[in-house]
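Right, one structure below, let's go through it.
The values are calculated or read from the model by the stated rules, or taken from the named source; none is laboratory data. Just so it is clear, the structure is predicted and the values come from calculations on it, not from any experiment. With ideal geometry, Cβ positions are generated from the backbone for all residues, glycine too; neighbour counts draw on all protein chains shown. The area values use the complete protein model at the heavy-atom level, side chains included, leaving out ligands, DNA and RNA. Shrake-Rupley method; radii C 1.70, N 1.55, O 1.52, S 1.80 Å.
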Amino acid sequence: MIWLILVYALLVAIGGIIGYVKAKSNQSLISGLGSGIALAIAWYISLQNPAIGLVLATIIALALLIVFALRLRATGKFMPAGLLAGLSLVASVVFAIALFLPPA
């Protein structure tokens, strides 16, 4: 399940790039790439120590969930905030559950 951290990292980074291309939003680019890099680091850490990597990925996903849920509440628009909030919720749950699974 650790590979899902890398998939989520790529999706978040790509989302930031799309936000920049579509809306010329520097904030989207910086936060998307920054979050993607942080998640990639969590993935790398999880290769050596799965528990620490998964905890870090869960914390990042929860932080992104809060940010996107607040943005969804403020704008009322599902795209992109609602979609990313949903993705972050699923990622948070999956990463948290993986903490309690036996190592593969």
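See the values below:
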item: S35 vs. criteria open to solvent by less than 70 Å² (accessible area, probe 1.4 Å), in contact (Cβ under 8 Å) with a residue 12 or more places away in the chain, out of contact with any Ser or Thr (no Cβ under 6 Å at 6 or more places or on another chain) and over 21 Å from V93 (Cβ atoms); result: no
item: Given (1) open to solvent by less than 70 Å² (accessible area, probe 1.4 Å); (2) touching a residue at least 12 places away in the same chain (Cβ under 8 Å), index of the condition I30 fails; result: (1)
item: Residue count, the stretch 35-87 (criterion: within 16 Å of V7 (Cα to Cα) and outside any helix (DSSP H, G or I)); result: 0
item: Matching residues, the stretch 38-50, being of a type in the set (S, T, N, Q) and surrounded by fewer than 14 Cβ atoms within 10 Å (Cβ to Cβ); result: Q48, N49
item: Filtered residue count, the stretch 39-67, keeping only those that are in contact with a Ser or Thr (Cβ under 8 Å, 6 or more places away or on another chain), among the small types (G, A, S) and farther than 17 Å from L11 by Cβ; result: 1
item: Members of the stretch 1-14 that are part of a helix (DSSP H, G or I) and exposed (fewer than 15 other Cβ atoms within 10 Å of the Cβ); result: W3, V7, L10, I14
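Rundown of residues vs (1) touching a residue at least 60 places away in the same chain (Cβ under 8 Å); (2) among the basic types (K, R); (3) open to solvent by 40 Å² or more (accessible area, probe 1.4 Å), yes/no style:
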position: G16; (1), (2), (3): no, no, no
position: N26; (1), (2), (3): no, no, yes
position: I59; (1), (2), (3): no, no, yes
position: L64; (1), (2), (3): no, no, no
position: R71; (1), (2), (3): no, yes, yes
position: A74; (1), (2), (3): no, no, yes
position: A81; (1), (2), (3): no, no, no
position: S88; (1), (2), (3): no, no, no
